[in-house]
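Beneath this line is the structure, given in structure tokens, with notes to follow.
The values are calculated or read from the model by the stated rules, or taken from the named source; none is laboratory data. As the structure is a prediction and not an experimental result, all values here were calculated from the model. Don't worry about glycine lacking a Cβ; one is built from the backbone with ideal geometry, like all the others, and counts go over all protein chains shown.
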Amino acid sequence: MRYDRDRHGRDHRYLNVTPSAKAMGKARERIRELTARKRNFVPIPQLIGEVNRFLNGWGGYFRHGYPRQQFDTLNGSVVERLRNHLKRRSQRRYRLPADRTFTAHLVKDLGLRLL
């Protein structure tokens, strides 16, 4: 928490609440634990549910203030970890539907809820 100037640089100050670098690191570490190699046996819907539950709680705690930049960074980390997790689950390549990007597939087809 800290007091910052407003976006236009005026002297009006507001209380800005954003996740610290330490909190972001712990969140990324938790995502790494949820998508680790030793969890390849977990069914995808269950895994996505666990990630959603973590993101919902973490996002609710840090939603006050202006955390959009940190949320976007964490969303990118989550998508990247899930992409790598799905690729290494089997010896066969994970195939996306023909008309979807990986993020759209995760969100619309598999039910991932990003921050």
### Query
Given the residues Tyr3, Tyr66, Tyr61, which is the only one that is modelled with pLDDT under 95, surrounded by fewer than 17 Cβ atoms within 10 Å (Cβ to Cβ) and in contact with a Phe, Trp or Tyr (Cβ under 8 Å, 6 or more places away or on another chain)?
Tyr3
## Note on the structure
All-but-one check, Gln46 against (1) farther than 30 Å from Arg5 by Cβ; (2) more than 14 Å from the chain's Cα centre (by Cα); (3) of a type in the set (S, T, N, Q); (4) surrounded by 12 or more Cβ atoms within 10 Å (Cβ to Cβ), failing number (4)
## Note on the structure
When every residue in region 21-41 that is in contact with a Leu (Cβ under 9 Å, 6 or more places away or on another chain), under 24 Å from His105 (Cα atoms) and of a type in the set (A, V, I, L, M, F, W, C) is compared, the one surrounded by the fewest Cβ atoms within 10 Å (Cβ to Cβ) is Leu34
### Query
Going through region 81-115 one residue at a time, which ones are among the charged types (D, E, K, R), surrounded by fewer than 14 Cβ atoms within 10 Å (Cβ to Cβ) and not in a loop (DSSP other than H, G, I, E, B)?
Lys87, Arg88, Lys108, Asp109
### Query
Of these, Leu96, Leu106, which one is touching a residue at least 12 places away in the same chain (Cβ under 8 Å), of a type in the set (A, V, I, L, M) and at negative phi?
Leu106
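Residues of region 24-37 being part of a helix (DSSP H, G or I) and either within 12 Å of the chain's Cα centre (by Cα) or modelled with pLDDT of 95 or more (or both), which ones?
Met24, Gly25, Lys26, Ala27, Arg28, Glu29, Arg30, Ile31, Arg32, Glu33, Leu34
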